[in-house]
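The values are calculated or read from the model by the stated rules, or taken from the named source; none is laboratory data. Predicted model only: the values in this text are computed from it and were never measured. As a convention, Cβ positions derive from the backbone with ideal geometry for all residues, glycine included, and neighbour counts pool all protein chains shown. Ligands, DNA and RNA are excluded from the accessible area calculation, which covers all protein heavy atoms including side chains. Shrake-Rupley method; radii C 1.70, N 1.55, O 1.52, S 1.80 Å.
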Amino acid sequence: MAVVTFVKRQNQSARRKALAEKKAQHAKFIKDTLKKWDASGTGALNFEELRKWLSDITGSKVTPTDDEVKWVQSMANFAKSGLVEKEGGNAEMVLTASVLPEDFSLAAQAWMSYVDSKDDIDAMFKKFDKDHSSYLDKPQLAELLTSLNDGEAVPDSEVDWVLSTSDTLGNGVITPPELSKALSLWYAREREVRMPTIEAPHAKMTTNSVIKILPSKFANQSARRKAIIQKKKEHHKFVQDTLAKWDASGTGGLNFDELKKWLSEISAGAEATEDEVHWVQVMAQKEKIKVGTFKKKEDLFDASVLPEDFVAAVEVWMAYKDSKEEIEATFAKYDTDQSDSLDRPQLTSLLTDLNDGVTPEEAEVDWVFTNADQLGNGVITKPELKKALGLWFSRDDPSALAAADADAVVGAAKAVSPRPAAAAAAEKPKKKIKSAATTLDELKSIKRSNQAARRKEVARMQEAKGDFIAETLAKWDKNNSGSLSFEELKAWLSENSAGGPATDEEVMWIASLANMDKIKDKQEAAKASVLPQDFPAAAKAWMAYKESKDEIEAVFAKFDTDKSGALDKAQLTQLLKSLNDGTPPNDAEVDWVMNNADQIGNGTITKPELSKATALWFAHVDADAHAAKAPAPAPAAAAAAPAAAAPAPAAAATPTTPGGTGTTGAAVKPTPACGGCSVQ
């Protein structure tokens, strides 16, 4: 363990050293750029100074035009303009402002990326810029997009969208540097069309003179757009043919009887039952149930299935038919009253067999029953059995039933047939499939065996957990409060410690860990009693701490210079400096580590808190190294892409890394002029 820790620290120290070196290079790059090109002495590059610098970056091979310089300005200042606009300021003025030192790297990156594709862009302009104005107006852009669309005219709304979103300069036309964004937007515009039968992609890629002068990526995307257009046509024909044949009432949808006839023909003549048709109605339109189109499931039984739901109806019906034989075999055994449905006792009998003969708890049966009964008729019908089995096999932890999300497991449901409990008990779980000729039935048998064994193991572990809690309370809960107070917790930990009795700081640390999700104040959490459900976690944390106690003592022997048993900020700074290859961390970093590692809230780092302090430090190093590798964001893409979903909230125990500059500030994007770095 000590060797692994030493190697990790060495690697992370080397990364921090490399980051510091990159920052030094970046600082030199900015200083040299300003010294050479900031003739006006403003501390930034104005329009003409920026033009000369951009020309110099390319070795004077390309002298940027006015539009190109303006475009680079807008790219470098894009983020600032957005903030100004949000505050009600003049965003256009910011876009054309001088480029500040912190944006030099971004400006260089945007320029070099454009220069790399300039030949292709110039070739396209030569063909479509017929009036030689050095820009594309709306008709010219429409002609270009039509060419990329395999000759099919593009709707005005799409042309307007590409033009308005790509026009970074806001002059109502597409200039050469804006064309790359226009093309990217166009290729990102099309959405995949779902068909009930997905055919293989077109093998032949048709290209014209426009495509040939584009990079291969554009040619591939053009072929994909052609395939998507073809699928759209096929989908439209599928809908029209279905309506023409089965919409006898002429309503533009399929009512119950029409849907029944359609499904019966799809299934090669086996007539769909009433329950099966209702189930298809529910499954094909479940998204409409979620958004409130139907107030309750029964409402959609009388509603027609509309054309936009035909594909979903076919998919769920065919998936059900594929597993119909297994479902029938299951019903033949457990549907003892021949009602074509399973009531609660019959479902319990099925789940017992799947659970290796162990009767499931009532809460488990209720959970499966409630979530699988999609028709809401109080029983499990044949088409609902697949979901019931999928729900059952997805639940390895009975304690998590209440938090289950039924929709999350619908797609994972796998239809399986039951097996006798005796056979299940005699069969050992198989960990690996050695034969490539394993049959589908054998695969399902292996899965059922493994899942039943896991559920049995979970039940055993929960029973052991209950015994552990009961024994701990019986022995250490002297005041019969149903939990362990500070002194009772100390006595318990001391008995399970090979290195002497637990200290007050160690006991408070364990208490704070056990209570951190329930009590926000660190000091209060450290003094509160520990509840039974937290005994296993407390024991695990304590034993992990004891295993690393020798290393912790060695660190304290070196850095706890006043022998106080805790590290103050100055001592912690010295420790982090040693982990940082002798480079002192800045105050913000030390404060961040101190605040997040100080679990008991006493303003110092005690021995049990040291592991978290060092872990935070090394995680911070890794985050910096990752950020340094990440490419600088392209502001143009921000306007192109639709709004992203809000990020998931961070876990309570996950600290936010410090910002600002210093030893580990923001990552630097290298440029061709920053001392030997390169722009990607």
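Restricting to segment 569-582, give me the number of residues that are part of a loop (DSSP other than H, G, I, E, B) and open to solvent by less than 60 Å² (accessible area, probe 1.4 Å).
Of the residues in that region, 2 qualify.
Return the pairs, sorted by first residue and then second, in which the second residue is among the aliphatic types (A, V, I, L, M) and part of a loop (DSSP other than H, G, I, E, B), the first residue lies in segment 30-46 and is under 18 Å from A97 (Cα atoms), the beta carbons are less than 8 Å apart, and the residues are 6+ apart or on different chains.
Correct list of pairs: T33/A673; D38/A44; G43/L100; A44/L100.
So, of the residues in segment 1-47 that are assigned to a helix (DSSP H, G or I), of a type in the set (D, E, K, R) and open to solvent by less than 60 Å² (accessible area, probe 1.4 Å), which turns out to be modelled with the lowest pLDDT?
By that ranking, first place goes to R16.
Just to be sure I understand the filter: pairs with C-beta atoms under 7 Å, separated by 6 or more residues or on different chains, first member in segment 121-150 and more than 17 Å from T175 (Cβ to Cβ), second member loosely packed, with under 15 Cβ neighbours inside 10 Å and not charged (D, E, K, R). Which pairs pass?
T146/A153; S147/N208; D150/T206
If you take the residues of segment 326-358 that are free of Cβ contacts under 8 Å to residues at least 40 places away in the same chain and under 16 Å from F393 (Cα atoms), which of them is least open to solvent (accessible area, probe 1.4 Å)?
Per the stated criteria, the residue is T348.
Counting just the residues of segment 468-527 that are touching a Pro at 6+ places or on another chain (Cβ under 7 Å) and of a type in the set (S, T, Y), which one comes out most open to solvent (accessible area, probe 1.4 Å)?
Per the criteria, the residue is S494.
Return a yes/no flag: does segment 287-297 have any residue that is open to solvent by 50 Å² or more (accessible area, probe 1.4 Å), at pLDDT below 85, within 28 Å of N377 (Cβ to Cβ) and in contact with a helix residue (DSSP H, G or I) (Cβ under 7 Å, 6 or more places away or on another chain).
Taking every residue of segment 287-297 in turn, at least one turns out to be open to solvent by 50 Å² or more (accessible area, probe 1.4 Å), at pLDDT below 85, within 28 Å of N377 (Cβ to Cβ) and in contact with a helix residue (DSSP H, G or I) (Cβ under 7 Å, 6 or more places away or on another chain).
Considering only residues that are farther than 17 Å from A312 by Cα and open to solvent by less than 50 Å² (accessible area, probe 1.4 Å), which ones fall in segment 253-274?
Of everything in segment 253-274, just one residue is farther than 17 Å from A312 by Cα and open to solvent by less than 50 Å² (accessible area, probe 1.4 Å), namely A270.
Looking at the structure I just gave you, is K612 within 33 Å of the chain's Cα centre (by Cα), at pLDDT below 90 and either within 22 Å of I519 (Cα to Cα) or surrounded by fewer than 21 Cβ atoms within 10 Å (Cβ to Cβ) (or both)?
Criteria met by K612.
Between a residue in segment 108-119 that is more than 18 Å from L183 (Cβ to Cβ) and touching a residue at least 12 places away in the same chain (Cβ under 8 Å) and any residue that is among the basic types (K, R) and surrounded by 15 or more Cβ atoms within 10 Å (Cβ to Cβ), which pairs come within a Cβ distance under 8 Å, given they are 6 or more apart or on different chains?
Every condition considered, the pairs that remain are Q109/K669.
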